[in-house]
Amino acid sequence: MSDSTISSKNSPNLEKFPDATEPQSASSAPGPQEPPDGGTKAWLTVAGASAGLFVSFGWCNCIGLFQAQYEGNQLKEYTSSQVSWITSAEFFFMLVFSTVAGKLFDSYGPTVPLLIGSFMHVFGLMMASLSSEYYQFFLSQSVCSGIGTSLIFTPSMTTPQTFFKKKRGIAGGLTVAGSSLGGVIFPLMVQHLIPDVGFPWTMRTCAFLIFTLLVFANLTVSSNFPHKPRPISIMDYIGPLGEPNFAILAVASFFMYWGLFVPFDEIVIAAHHYGMSQYMAFSLVPILNGASFIGRTVPNIIADKAGRFNVMVVMTLASGILCLALWLPGRSNGASIAFAILFGITSGAVVGIGPVLIAGISPLRELGTRMGTILAIAAIGTLTAPPIGTAIAQKSGGDYTFSALFAGVDFIVAGLGVWILRTRISGWGLTTKA
């Protein structure tokens, strides 16, 4: 199916989109096999990809903890906004290099990007353990490790989609659930190891764990269809943006991530500012990520039955409402903990269902590239959201009211964007599965 064909179908039923996996013409390369929706190879790929998400997105989920750690220790002479560029840039590189990782996946399968990413991620963290200056942390943790996580993250997110059609939601949820487990285990490791062995050996211990899991991921992750190298063309990335449905999803994804990374980055320092002890504030990160395990599994199961776009709309709007109705006015420890739990669930669903929506409106042979395009656009949000949020708080005398407002409005805009896309695909019926 050509790009023009996809863009011309503005109102088909969602179930027609998986037909994009079929061969496009007799003269073209053989199309992907029909997804088996199960089997040993498929579920091993899900397990390996989940390990990949554990060490990539799960590691980057700890940005709130490193924001507080660097502010209070290694980089205490820098402002909160300056420190946030280290944590936000790490996520930025993880997402923006998805364009490269996606092209490598489409051309060579998951093996090549996974191997390169494994080396860069572990090497970057080892170098971070030796760092003491701002530029050293930026180059090692943000750039080297960040690019490495991208080369792990993108094939881990994409490859399981090639094995599933009817069960695509649950497969995607189980894959992304690995990032939730990583977001729980890594903060607890860092929080308890730093007082005992110091920051350098804490980073090395985490790097050794990451190396072990990456060995498993490299041995188990495989694709359901053959990959053939293709010449690189800028139109592979910007061409899909000419399709209205794809463009709407790209814009909505930008606002999702723009809102998502304000609470992710600032939940610890905001709670500490409002009177929570540092130890308890640090614990909010694993609490949020533990709750996101529910958000990245249960809603995906529901989405396969009730409609993926329907669930995405509800969870995106719910994330915005929580920012505006709970995080914005909340000042007590109970309010901060409740927000961490509830926002973990709703934001986990947003992260988990997003790749499934991309797969639903994309030919599988272009899935890696298209996934990279949307994640690269989202990367702009992840890069700018933490510095904007902390700068807003500093202008407000350390109060995070307007930072919460900024995040909440972003989610509302994103939810409306997904709703518009949902109506274009399946109409206005509230009970329609979409």
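The values are calculated or read from the model by the stated rules, or taken from the named source; none is laboratory data. The structure displayed is predicted, hence computed values, not measured ones. Backbone-built Cβ (ideal geometry, glycine too); neighbour counts: all protein chains shown. Ligands, DNA and RNA are excluded from the accessible area calculation, which covers all protein heavy atoms including side chains. Shrake-Rupley method; radii C 1.70, N 1.55, O 1.52, S 1.80 Å.
What are the pairs, 6+ residues apart or on separate chains, where a residue within the stretch 247-268 that is in contact (Cβ under 8 Å) with a residue 12 or more places away in the chain has its Cβ under 8 Å from a residue that is open to solvent by 10 Å² or more (accessible area, probe 1.4 Å) and basic (K, R)?
I248/R424
Is it the case that G389 is assigned to a helix (DSSP H, G or I) and either without any contact (Cβ under 8 Å) to a residue 12 or more places away in the chain or touching a Phe, Trp or Tyr at 6+ places or on another chain (Cβ under 9 Å) (or both)?
Criteria met by G389.
Just name the residue that is farthest from L125 (Cα to Cα) out of those in the stretch 158-179 that are open to solvent by 10 Å² or more (accessible area, probe 1.4 Å) and touching a Ser or Thr at 6+ places or on another chain (Cβ under 9 Å).
K165
With respect to G102, determine if the residue is small (G, A, S) and modelled with pLDDT of 90 or more.
Judged against the criteria, G102 is not a match.
Consider F216 against the criteria (1) within 21 Å of Q161 (Cα to Cα); (2) outside any helix (DSSP H, G or I); (3) modelled with pLDDT of 90 or more: it satisfies all of them except one. Which criterion is unmet?
(2)
Any idea which of (1) at pLDDT below 50; (2) assigned to a loop (DSSP other than H, G, I, E, B) is the one P32 doesn't satisfy?
(1)
Does the stretch 203-222 hold any residues that are in contact (Cβ under 8 Å) with a residue 12 or more places away in the chain and of a type in the set (S, T, Y), and which are they?
The answer is T205, T220, S222.
Do the conditions hold for V112, that is, is it surrounded by fewer than 24 Cβ atoms within 10 Å (Cβ to Cβ) and either without any contact (Cβ under 8 Å) to a residue 12 or more places away in the chain or touching a strand residue (DSSP E or B) at 6+ places or on another chain (Cβ under 8 Å) (or both)?
yes
Out of curiosity, is F225 out of contact with any Lys or Arg (no Cβ under 7 Å at 6 or more places or on another chain), open to solvent by less than 40 Å² (accessible area, probe 1.4 Å), in contact (Cβ under 8 Å) with a residue 60 or more places away in the chain and in a loop (DSSP other than H, G, I, E, B)?
The answer is yes for F225.
Which residues, counting only those in the stretch 400-415, are surrounded by fewer than 17 Cβ atoms within 10 Å (Cβ to Cβ) and in contact (Cβ under 8 Å) with a residue 24 or more places away in the chain?
Passing the criteria: T401, L405, V409.
From L405, L367, L421, grab the single residue that is at pLDDT 85 or above, under 30 Å from D236 (Cβ atoms) and either assigned to a helix (DSSP H, G or I) or of a type outside the set (K, R) (or both).
Numbers: L405 fails: under 30 Å from D236 (Cβ atoms); L367 fails: at pLDDT 85 or above.
So the residue among L405, L367, L421 that is at pLDDT 85 or above, under 30 Å from D236 (Cβ atoms) and either assigned to a helix (DSSP H, G or I) or of a type outside the set (K, R) (or both) is L421.
Is it fair to say F91 is over 18 Å from the mean Cα position of the chain (by Cα) and either surrounded by fewer than 24 Cβ atoms within 10 Å (Cβ to Cβ) or modelled with pLDDT under 90 (or both)?
When the stated conditions are applied, F91 does not pass them.
List every residue pair whose Cβ atoms sit under 9 Å apart, with the two residues 6 or more apart in sequence or on different chains, where the first one lies in the stretch 121-134 and is small (G, A, S) and the second, anywhere, is assigned to a loop (DSSP other than H, G, I, E, B).
S131/Q74; S132/Q74
Based on what the data block shows, is T159 in contact with a Leu (Cβ under 7 Å, 6 or more places away or on another chain) and part of a helix (DSSP H, G or I)? Please lay out each step first, then the result.
On the way: in contact with a Leu (Cβ under 7 Å, 6 or more places away or on another chain): no; part of a helix (DSSP H, G or I): yes.
Criteria not met by T159.
If the requirement is being crowded, with 24+ Cβ neighbours inside 10 Å, among the small types (G, A, S) and touching a Ser or Thr at 6+ places or on another chain (Cβ under 9 Å), which of these qualifies: S150, S145?
S150
Restricting attention to the stretch 348-367, does a residue exist that is acidic (D, E) and either open to solvent by less than 40 Å² (accessible area, probe 1.4 Å) or closer than 27 Å to V143 by Cβ (or both)?
no
Of the numbered conditions (1) buried (at least 23 other Cβ atoms within 10 Å of the Cβ); (2) over 17 Å from I267 (Cα atoms), K76 fails exactly one; give the number of that condition.
The one condition K76 does not meet is (1).
Please go through the stretch 51-96 and give me each residue that is aliphatic (A, V, I, L, M), touching a Pro at 6+ places or on another chain (Cβ under 8 Å) and under 19 Å from W258 (Cβ atoms), ordered by number.
If the condition is that a residue be aliphatic (A, V, I, L, M), touching a Pro at 6+ places or on another chain (Cβ under 8 Å) and under 19 Å from W258 (Cβ atoms), then I63 is the only one that fits.
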